[in-house]
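For reference, the structure discussed in these notes is given below.
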Amino acid sequence: MKNTALTDVHIALGAKMVPFAGYNMPVQYEGVIAEHETVRNGVGVFDVSHMGEFVLKGPNALALIQKFSSNDASVLFDGKAQYSCMPNGKGGIVDDLIIYRVNAEEYFIVVNASNIEKDWNWMSSHNDMGVDMHNLSDQYSLLAIQGPKAAEAMQALTDVDLTNMVYYTFTHGTFAGVENVMISATGYTGSGGFEIYVKNEDVKHVWDKVFEAGASFGIKPIGLAARDTLRLEMGFCLYGNDIDDTTSPLEAGLGWITKFTKDFVDSDFLKNQKETGLTRKLVAFEMVDRGIPRHDYPILDASGAVIGKVTSGTMSPTMKLGIGLGYVTVDHSTLDSEIFIEIREKGIKAKVVKLPFYKK
C-alpha cells in the first residue's frame, strides 16, 4: 500500500487511516458530520495526493485528447479546465477526468487514483501520433482547500487573486513561498475553494503554511468520508460507484460532456444510443420515509419488482435525510417518480428529485 507525502502528518493528527485506491488515506479526523459542516460553512483541507497527474505535450496533444475524450477540448484556452470522460469502446467509461490546457501544445490531466495505470495504458494505446506523455503521479501532491472562507483564508499566501478565480480555471504562481505552483478552481464539494498541485518535497511546508494562515478562520483537516458526503450532496459522480466500465455517459446523465461535434472512441455507439433511446438512467432521489440508502441496495417499484440499484447513498449531514443516486428503468426516471429502496428486506419510499440536493 502506498503512502502520500503527508501520511505521517495525518497519523500524528489522529486520523483514522484506511486503504483507498491502493493508498493509506485519512478517512476522518474528528467525525464525518463535523468535517462536512466545516467545509460547508468555513474552510477545510483534504490531502488528495493519491490522484493521478499526466502531462501530454506536442503539436498533436489536442488531437489525442479529442480521440479518447468525450468532451470537446478544442474550446479550451490557456488557463481553462474541462470535465470529461473516456469511453471504453464498449459503451462504458474507462474513467472521468479533468483536462487543463496549459498552452496549445501542453495539457495537464488529472485522473482517479484507482485508475492511474489503467488510464495511462488506455491513453497510450491511442497515441499513434507521437504525443510526448509523462506520468507525474508519483511526483505530485494535491491539497484541496475547500469552503466559503478558503479564498479569504489563503490570500495572504499568494499574489494570485483567489477571490476572483472563475470556476474551472487555473493558473501558476507562488504559493506559501513555493514558486510555479498550479492553483485551480475545480472543486468537488460545491462550497468553493481551490486545489494546490505541488511537488512532494514541498507539500509538508505548504501544508504547515496553509494551517498557519487558516488558523483564525477555524481551518481543519478533512477526511475522505466527508469528501464523499459533500460530493454526493452536489450529485457529482464517483467512479466505481455511479459510473464505471458498464455505464454509458448518457445513462449517467453526462450528455453535457458528450459532444458529437467530433469523432471520438464510441461516438457512433453513443450517437446511436441517444437516437434509439435509453433503457435506464442515473437518477437522484430523496427518502420520503425514514431510512439510509447504501451502495448496491435494490431499487423497487410499487409492486416490489426490482427496477435498479443504488450506486451512492448516505444520510445528508446538511439536509438531515437520506439521499442517493441510482440507476432505474427509464419509466421510473422522471421527476417526482415514486420509488422504493430495499432496506432490511423492506421497501422504503423515496422520490426522484432534481440535482443538486444541496442548495446554497
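Where only DSSP H runs of four or more residues are counted, the chain gives -6000 deg cm²/dmol as its mean residue ellipticity at 222 nm, each run worth -39500 (n - 2.57). Cross-link pairs exceeding 31 Å between alpha carbons, from the set Lys57/Lys199; Lys199/Lys271; Lys149/Lys259: Lys199/Lys271; Lys149/Lys259.
Using the Cβ-Cβ distance between Lys57 and Lys271 with R0 set to 25 Å, the FRET efficiency works out to roughly 0.20.
Packing around the peptides 222-230, 64-72, taken as the average count of other Cβ atoms within 10 Å per residue, puts them in this order, highest first: 222-230, 64-72.
Projecting the Cα atoms of Ile99, Ile292, Phe20 onto the charge dipole of the chain (Cβ charges, centred on the Cα centre) puts Ile292 farthest toward the positive pole.
Coordinate-derived values only; no laboratory data. Remember, it's a predicted structure, so these values are computed and weren't measured experimentally. Don't worry about glycine lacking a Cβ; one is built from the backbone with ideal geometry, like all the others, and counts go over all protein chains shown.
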